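Just so it is clear, none of the values below were taken in a lab; they were calculated from the coordinates. Predicted, not measured: the structure shown is a model, and the values here were computed from it. Cβ placement follows ideal geometry from the backbone for every residue including glycine, while neighbour counts extend to all protein chains displayed.
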Amino acid sequence: MKPRFYQCSVIGPAHIRDLLPNQDYLLAKCWERRWVAVVCDGMGSRSHSDIGSREAAKAAIYSVQNNDFNSDDKTIVQALYLNWLARLKTLNVEPKDAVTTCILVWGTADGRFRYAHLGDGMIASPKSLLSNANTTGFSNETTGLGLSRHLSDWRLGSGYIQDHGNRLLLMTDGISEDLLDPTAFSQYVTDVLLKKSRRQGKCWLKRQLNNWPTPGHSDDKTLIAVCLPQGFINE
Amino acid sequence: MSINDFVAKAARPLPVIILADVSGSMGVDGKIEALNQALKDMIESFAQEGRMNAEIHLGLITFGDRVTQHLPLSPAHQIKAFSRLNASGPTPMGAAFDMVSQLLEDKELIPSRAYRPVVIIVSDGLPTDDITQPLSRLRSGERSQKATRLALAIGSDADLSYLKTFSNDPEAPLFQANDARDIRNFFRAVTMSVSARSRSAKPNESVKIEYLPEDDDDLLELGF
């Protein structure tokens, strides 16, 4: 069974004010009996962070598509990282100028999924918070591709999407850092989205993200909701 | 039900914690009076600051007869009153370092969504307790090491070496005040810097503190 993706990325007020591009990027796709979703958040202080996040999303898709679902974590992460570096080299962009977070989730038609998460942002479901940025510091202190050199910097995991209410949310920190209760937020957002078509869902998401209620919010905001149809059971 | 029910309604906090020396020596030459006035002015300025990009939270730890949270860390606009400081007792700076370390490590008090805190110490004397270990803990703590630390040494008796070690702002290794007026000027400069940060689109980035000792703002520019 293929999941339905609801996805949206909006540019933050600070970047609009400074005439900067959206430094977040998202991609999601299905092929054969597999699916992948990725959101990346370029580090705002770097000159090519928009390119960094875009190429990281493409590299993440490449890594998952060119490796077996059961490949070990290091294989997936290393393939992603090397592909990202190669893409930047082609574009003549230094990695240090294109630092970006990466939140990658990929799965199979039977409901299994895995994730690899570097830097800020969050993966959540209506049942639990699967992966959150290391909360040892303060706001906007992130690591990412271009800074990290260790597999241990990544948060890695797996599960069955059925154990998560058939829904997963990938969010950049423009959203996740302002959430009071990520699981309740995930439940509410996916409840609303599942009643809408993809197009209607995207319009609704765009309105919510552009009218974000937290005073002083400034970041770009990007979200992908991965939803399996109701009543889904293992094939 | 709407998305508003799940999202924070307050801007991200920008914590500012003052460590104020209230030992007996602060009671001479009008230093404690100047500090009281400077803190009162700072609180009033922060309270009036808009809360669009960041909400300034202010805390005041005093060290003298005892080490205490004179003002527990809270949103500046909610601080209703400021009871004046009195100078007496020794200078237990090490215990004050431990107290601020605890605050900085407390994720309930300072959530991870907060912007990088600013810690400012103001002292005119030598510590009377051990500060080596407390300062080391402050400088190496998981979160406390990430705070911006500034120091103001008042007069010639202040322990410059420790205060220099306390500061971690390369652009401001140590501020010095020669008299009570300088204390007020320093706090005014810090207030302007923090306020500018709170209004900035990037509140994590430092704003230079424009402080000059003996900057006599009473001096009229008369051209002769």
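For the reader, a short list of remarks on this structure follows.
- For chain B: rounded, prolate or oblate by the Cα gyration tensor [a/c cutoff 1.5]: oblate
- Taken as entire DSSP H runs, the helices of chain B never both span 24 Å or more between Cα atoms along their own long axis and average 0.0 or more on the Kyte-Doolittle scale.
- Averaged over the residues of B:7-16, the number of partner chain Cβ atoms lying within 10 Å of the residue Cβ comes to 5.
- Our coupling estimate for the stretch A:198-215, obtained by passing each phi through the Karplus curve with A = 6.51, B = -1.76, C = 1.60 and θ = phi - 60°, is 4, 5, 4, x, 5, 4, 5, 4, 4, 4, 5, 6, 6, 9, 4, x, 6, x Hz, Gly and Pro reported as x.
- Taken residue by residue and averaged, Cβ atoms of other chains lying within 10 Å of the Cβ of A:20-31 number 0.
- Helical contribution to [θ] at 222 nm, DSSP H n ≥ 4, -39,500 (n - 2.57), averaged over the protein assembly as shown, rounded to 500: -9500 deg cm²/dmol
- Whole-Hz Karplus values for the stretch A:109-121 come out as 5, 8, x, 5, 9, 10, 9, 9, 9, 10, x, 5, x Hz, taken residue by residue from phi with 6.51 cos²θ - 1.76 cosθ + 1.60 and θ = phi - 60°; glycine and proline positions read x.
- Amide H contacts of A:G42 (H built 1.01 Å from N, under 5 Å, at least 5 apart or other chain): A:D24, A:Y25, A:S53, A:T101
- Karplus 3J(HN,Hα) series, Hz, for the stretch A:87-103 with 6.51 cos²θ - 1.76 cosθ + 1.60 (x for Gly, Pro): 5, 5, 4, 4, 8, 6, 10, 6, x, 5, 8, 9, 4, 8, 7, 8, 10
- Between the amide H of B:I18 and those of B:G59, B:L60, B:I61, B:I120, distances stay under 5 Å, these residues lying 5 or more places away or on another chain, with hydrogens modeled in the peptide plane.
- Among B:G155, B:F186, B:Q176 the positive-end extreme of the charge dipole of the stretch B:111-186 (Cβ point charges): B:F186
- Peptide A:180-192 - average C-beta neighbours from other chains (10 Å radius): 2
- Rounded D (µm²/s) - the stretch A:4-227, Kirkwood Rh over Cα pairs, Stokes-Einstein at 37 °C, 0.692 mPa s: 190
- Top positive-direction residue, dipole computed over the stretch A:4-227 with Cβ charges, set A:P213, A:L85, A:F5: A:F5
- Rounded if a/c under 1.5, otherwise prolate or oblate - the protein assembly as shown, Cα gyration tensor axes: prolate
- Beyond 24 Å in Cα-Cα separation lie the following of the pairs A:K2/A:K127; B:K9/B:K40; A:K127/A:K196; A:K127/A:K221: B:K9/B:K40.
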